[in-house]
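S.K.: Take a look at the following structure, please.
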Amino acid sequence: RVVAGVAAGVADQLHLPVLVVRIAFAVLATAQGVGVVAYAALWFLVPLDPQGAQPAARRSQHAWVQLVSLGALTLGGMLLLSSARAGIASVLPLLLAAAGVAVVWRQADEAQRRRWLNLGTRGALLRAVLGVALLLAGLAGFLAARGELGAARDGLVSTGVVVAGLALLAGPWVTGTLAELGQERRARIRSQERAEVAAHVHDSVLQTLALIRKAADDPREVSRLARSQERELRSWLYGPVQPAAGTLAGALEQAVAAVEEATGMAVESVVVGDLPLDEPVTALVAGTREALLNAAKHAGVPTVSLYAEVGPDRVEVFVRDRGRGFVPELVPQDRMGLAESVVGRMARHGGKAVVVSGPGEGTEVRLELPRD
């Protein structure tokens, strides 16, 4: 330590060169001895670093040269101020405030600084108000120290009266102009929204109605077009635009759309939760698609329900129909739809599939996949 290790400790804490800290103490020492008091207070209050056997101050070979130079500069500055009778007290509040802000800013990490700078509208307003308050306080302290606070106060009162008069004269006009601007902005927003809705309806509903009119003699094609447009319109009105790509919900949505497109059967689907696709989850989606296709081929019903739920330990999918049903044990061995494409596929990927059905009772296919 050159003296007490205070400058070296502060420099290490603030990640600054020790010379910069010594210059700061020297400059503050000219401010009626504030630097000396601060140095003594830090020496007394701040504990020693248990690992600071070799503080940064000793690492410099020019520590004593720096100390002597700074001492000479400090003494010269104090003599200059004393001879010129320029008291530092007039700017001392500003110096202390700037030093405090600088220390607080330097102590914060980068994330904290970003949070301070990105507080939104309220944060910006708060920073503006705080900055104005600090500016006014600093100016008031500066003027008070110079004995000019009374004159400044009188000038501010006169200026305030003039500003108030201007506000009374121009206030109604400004208020009316702002109200007109707000109304114009709201009208423009409504016009843009109507244009967006009209464009979407033209590109989707009106085009689909034109296709339905052309295919009026084909009930299956009409049903397919109507179902596809209903699904798209519901998604646009009530839900997200599209499920995220590469997830279970997105893959099931694509499988449902493909089955409806290929078979004309309506699929009422509900998916609770989501998770990223991997090989087992992809197999689950493929098994679900096969179960939907089997229902479309053999159930003889216009609608099938699909329910999928992602739990904390497993994923479950239910495909149900109220069709003619069958006896699973009596299915011929050469019919590989459910046996291989559903049950076998799930078993190969660590899951299971259960088929429950009976003549005239409909069919339920339950697919279950454990989560790692």
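The values are calculated or read from the model by the stated rules, or taken from the named source; none is laboratory data. All figures in this text were calculated on a predicted structure; none of them were measured in a lab. Quick note on the areas: whole protein, heavy atoms, side chains included, nothing else; ligands and nucleic acids left out. Shrake-Rupley method; radii C 1.70, N 1.55, O 1.52, S 1.80 Å.
S.K.: For LEU277, what residues show an amide H to amide H distance below 5 Å, using hydrogens built from the backbone and excluding near sequence neighbours?
M.R.: Residues meeting the criterion, in which the H sits 1.01 Å from N, are THR247, LEU248.
S.K.: Could you work out how much longer the chain between GLU180 and LEU330 gets when fully extended? Use 0.36 nm per residue separation minus the Cα distance between them, nm to one decimal. Write out the running numbers ahead of the final one.
M.R.: Values: separation 150, 0.36 × 150 = 54.00 nm, distance 7.73 nm.
Net length gain for the segment: 46.3 nm.
S.K.: For the range 296-335, which whole-number percentage of the solvent-accessible area (1.4 Å probe, protein heavy atoms only) is attributable to carbon and sulfur atoms? Write out the running numbers ahead of the final one.
M.R.: Numbers: 1310 of 2610 Å².
Solvent-exposed carbon and sulfur of the range 296-335 make up 50 percent of the total.
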